[in-house]
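Reading through the structure tokens given below for one structure.
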Amino acid sequence: MKITTLSYSLMIDTMNPFNEKQLQLLSRGPTYVPPCLMYILFADQSINDIVKKQFAPLKHQLMILFQNYKINLPLRMEIQDKLFNKFENLFSHPIPAQLFQHAVYKKHFIQSIRYTLQKNNLILRRTANNMNTFYVGNRSEFEAKADQYLIRSENYDVLIDINNQNNEKPLHSALKNMMESMNSLLEKLKAHNAIKDELYEQLVVDPTKTKLPYLYFLADISNGSGLSLLPVISAQYSATWKIAKHLNRVLRPFVDDKLRSTTFDDDTDFIRKFHQYATTERRLHTTTVFCIIKITNFYSLDEHQNMIDVIAEFLRDNLVTNKLGSFSIMTIRNLLYLFLHNNIFYYKDKIYTFVKGSPNTMLLTETLSNVYLSVWEKKILKEMNTTIEFFGRHKNQLFFTWNKSSPLELETFIEDLREKHRNVRFQKLIGTSVHYLNIYLENRQGHLYSRIHYDPNSQRYTLPYVTSHAKSAYSDWLRTALIRAVCVCTSIDDFQQERMYLELTFLTSGYSLLFVETNVKNFFNYFHALRMKYSRNQTAYDQFRRQCFDFVE
């Protein structure tokens with residue numbers, strides 16, 4: 001059955017079972033939270049409990065600010081206590097009766113949607129592209145695809161089948177033994193002064209505060225050939241979570257610094273650097289072709305021991321001494337062993353362990369993959385240094401230029417690279433016009449043309465999925481999107497079209513014309529360029545672009 005688009009934020013891959021009002025609510029997307037619903041959902045909890053739960057995200061943000069600005073402890077406590085009291089005071093006031101009745105109505109309405117989903121054996125998921133879009137499909141078909149994914153995957157092994165009576169150890173005993181084994185190794189590291197007592201206390205696994213990670217799937221409809229699934233592992237507060245956080249805190253700044261010259265932070269950073277290469281330095285030739293390599297197994301590049309060896313080799317090659325901070329390379333190896341070999345997750349009455357890679361929701365996994373690929377990339381640069389002028393990568397997507405008259409040698413080299421390093425799986429795209437990081441790039445006889453690229457298989461006029469305060473988050477996103485549009489679009493006509501597209505996206509998502517016009521005006525005023533809002537002057541626009549490039553740099 002063809003996926004039906006019923007609104008910009010709702011896609012249905014089955015017969016539509018919803019009434020008009022249910023569709024209206026679902027069309028608000030997964031970001032939408034009905035006003036004051038919390039007062040109804042948590043009616044059985046005390047105000048103090050509700051306040052603590054709602055204050056937790058703000059408390060986390062405060063801690064980051066305190067650390068960044070080096071606020072002393074007494075002042076931290078004073079600020080935090082005053083904010084909590086203000087928070088509690090606001091929540092202690094009863095809401096108006098009309099809002100309360102509206103919240104009760106929305107609660108019953110949501111329950112009716114849940115009943116419809118259950119009655120028709122349907123599943124509701126947000127889409128994998130991190131946009132404010134819901135997918136509705138047949139639950140049995142969705143779960144069958146998920147089961148097939150696990151059967152075919154080479155990255156996981158079944159550790160425990162909970163329903164199997166012949167397990168060597170029951171689930172509780174197996175998990176207990178795993179955590180005791182981890183703590184035993186941490187104890188040995190402390191005994192050999194590899195980690196300090198304070199760090200040991202931070203990293204030691206507390207079974208009473210540990211949660212079993214679980215696997216779920218998001219709907220991916222971007223490939224144009226129907227539904228595929230993106231696995232996501234919720235691993236917060238897992239047995240390896242604290243080790244992963246601390247290791248990443250140690251490794252990430254060092255790794256980012258060493259890989260900075262070949263790393264794109266995002267699409268805006270990429271186009272700024274490529275504009276410098278192609279337009280400012282005029283190094284784009286009529287014969288230059290673009291090559292994109294997309295790594296398809298970014299989070300599961302190799303087996304654990306090989307990954308540990310590569311990280312250790314990278315540290316030895318780039319460190320002046322044998323230490324990174326207070327950690328020796330051997331200590332980092334041991335902590336990586338603890339992390340990689342003890343990642344597990346739950347799905348449908350089975351406990352799985354990782355054979356390759358680690359949870360894609362942990363930042364350490366991305367850091368390890370970046371190091372591993374940097375070693376792999378060196379092989380490309382070493383052999384092709386004379387023909388590659390511009391080279392870099394953003395996460396799993398690599399981009400470089402090729403300056404020989406024929407790309408045939410490049411095709412041959414890439415296929416040879418694939419054969420020699422089969423553990424790195426990738427797709428390639430070569431040409432004088434490509435799209436990279438949602439940017440369309442074209443070599444027009446030695447002149448760079450670029451604009452925003454939209455995937456034809458993705459929904460148009462949709463906002464991103466956010467979990468924080470939506471209005472504030474979308475205000476920030478609009479400003480960022482406008483800066484991105486200026487940097488990406490070489491033509492003023494393309495920029496104006498993108499500006500209007502962004503404005504329409506907000507209007508179709510229910511935001512007021514005042515909200516849109518105020519934010520757009522603030523953007524132009526910030527750069528003292530209000531005249532550019534409706535301008536068609538390419539020369540003035542080129543100067544405006546230089547302002548934006550200077551700003552993002």
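Look at the range 80-106 and say how many of its residues are under 30 Å from Leu218 (Cα atoms), touching a residue at least 12 places away in the same chain (Cβ under 8 Å) and surrounded by fewer than 16 Cβ atoms within 10 Å (Cβ to Cβ). Break it down into steps so the answer makes sense when it comes.
To start, the set of residues in the range 80-106 that are under 30 Å from Leu218 (Cα atoms) comprises 103-106.
Imposing the further condition that a residue be touching a residue at least 12 places away in the same chain (Cβ under 8 Å) reduces the set to 103-104, 106.
Next cut, surrounded by fewer than 16 Cβ atoms within 10 Å (Cβ to Cβ) only: 104.
Qualifying residue count, the range 80-106: 1.
I'm trying to understand the selection: among the residues of the range 193-209, which are assigned to a loop (DSSP other than H, G, I, E, B) and surrounded by fewer than 16 Cβ atoms within 10 Å (Cβ to Cβ)? Let's see the steps before the verdict.
In the first step, residues of the range 193-209 are kept if they are assigned to a loop (DSSP other than H, G, I, E, B); the result is 193-196, 204-206.
If the condition is that a residue be assigned to a loop (DSSP other than H, G, I, E, B) and surrounded by fewer than 16 Cβ atoms within 10 Å (Cβ to Cβ), then Asn193, Lys196, Val204, Asp206 are the ones that fit.
Within the range 236-278, restricting attention to residues that are at pLDDT below 95 and not in a helix (DSSP H, G or I), which residue is surrounded by the fewest Cβ atoms within 10 Å (Cβ to Cβ)?
Gln236
Looking at (1) farther than 22 Å from Asn297 by Cβ; (2) free of Cβ contacts under 8 Å to residues at least 60 places away in the same chain; (3) surrounded by fewer than 18 Cβ atoms within 10 Å (Cβ to Cβ), which is the only condition Met384 fails?
All conditions are met except number (3).
Restricting attention to strands (runs of 3 or more DSSP E) lying wholly within the range 114-192, give those where 3 or more residues are over 24 Å from the mean Cα position of the chain (by Cα).
156-161
Only one of Ile492, Ile483 is closer than 21 Å to Glu553 by Cβ, modelled with pLDDT of 95 or more, β-branched (Val, Ile, Thr) and not assigned by TED's automatic domain parsing to the domain that holds Ser27; which? Don't jump to the end; show me each part of the working.
Values: Ile492 fails: closer than 21 Å to Glu553 by Cβ.
Every option except Ile483 fails the conditions.
State all residues of the range 403-424 that are touching a Leu at 6+ places or on another chain (Cβ under 9 Å), surrounded by 14 or more Cβ atoms within 10 Å (Cβ to Cβ) and either within 25 Å of Glu303 (Cβ to Cβ) or at pLDDT 90 or above (or both); if no residue qualifies, say none. So that I can check it myself, show each step before the final result.
Taking the range 403-424 and keeping what is touching a Leu at 6+ places or on another chain (Cβ under 9 Å), we get 404, 423-424.
The next check asks that each one be surrounded by 14 or more Cβ atoms within 10 Å (Cβ to Cβ); those that pass are 404, 424.
Within the range 403-424, Val424 is the sole residue that qualifies.
Please name all residue pairs, on different chains or six or more residues apart, with Cβ atoms under 8 Å, provided the first residue is in the range 500-518 and is free of Cβ contacts under 8 Å to residues at least 12 places away in the same chain and the second residue is among the hydrophobic types (A, V, I, L, M, F, W, C) and surrounded by fewer than 13 Cβ atoms within 10 Å (Cβ to Cβ).
Correct list of pairs: Leu507/Leu513.
When you check Pro57 against the structure, is it within 29 Å of Ala219 (Cβ to Cβ), outside any helix (DSSP H, G or I), touching a residue at least 40 places away in the same chain (Cβ under 8 Å) and not assigned by TED's automatic domain parsing to the domain that holds Ser222, yes or no? Before the answer, list the steps.
On the way: within 29 Å of Ala219 (Cβ to Cβ): yes; outside any helix (DSSP H, G or I): no; touching a residue at least 40 places away in the same chain (Cβ under 8 Å): yes; not assigned by TED's automatic domain parsing to the domain that holds Ser222: yes.
So Pro57 fails the test.
Have a look at Thr401, Thr432 and point out the one that is under 27 Å from the mean Cα position of the chain (by Cα) and under 18 Å from His285 (Cα atoms).
Working: Thr432 fails: under 27 Å from the mean Cα position of the chain (by Cα).
Of Thr401, Thr432, the one residue that is under 27 Å from the mean Cα position of the chain (by Cα) and under 18 Å from His285 (Cα atoms) is Thr401.
Select from the range 108-143 the residues that are exposed (fewer than 15 other Cβ atoms within 10 Å of the Cβ) and of a type in the set (Lys, Arg) and list them in ascending order.
Correct list: Arg114, Lys119.
Hand me the list of strands (runs of 3 or more DSSP E) wholly inside the range 310-397 holding 3 or more residues that are in the same structural domain as Leu175 (by TED's automatic domain parsing) and not charged (D, E, K, R).
Working: elements: 344-347, 350-354, 391-394.
Ranges flagged: 344-347, 350-354.
The values are calculated or read from the model by the stated rules, or taken from the named source; none is laboratory data. These numbers were taken from a predicted model, which means no experiment stands behind them. Every residue, glycine among them, receives a Cβ derived from its backbone with ideal geometry; neighbour counts consider all protein chains shown.
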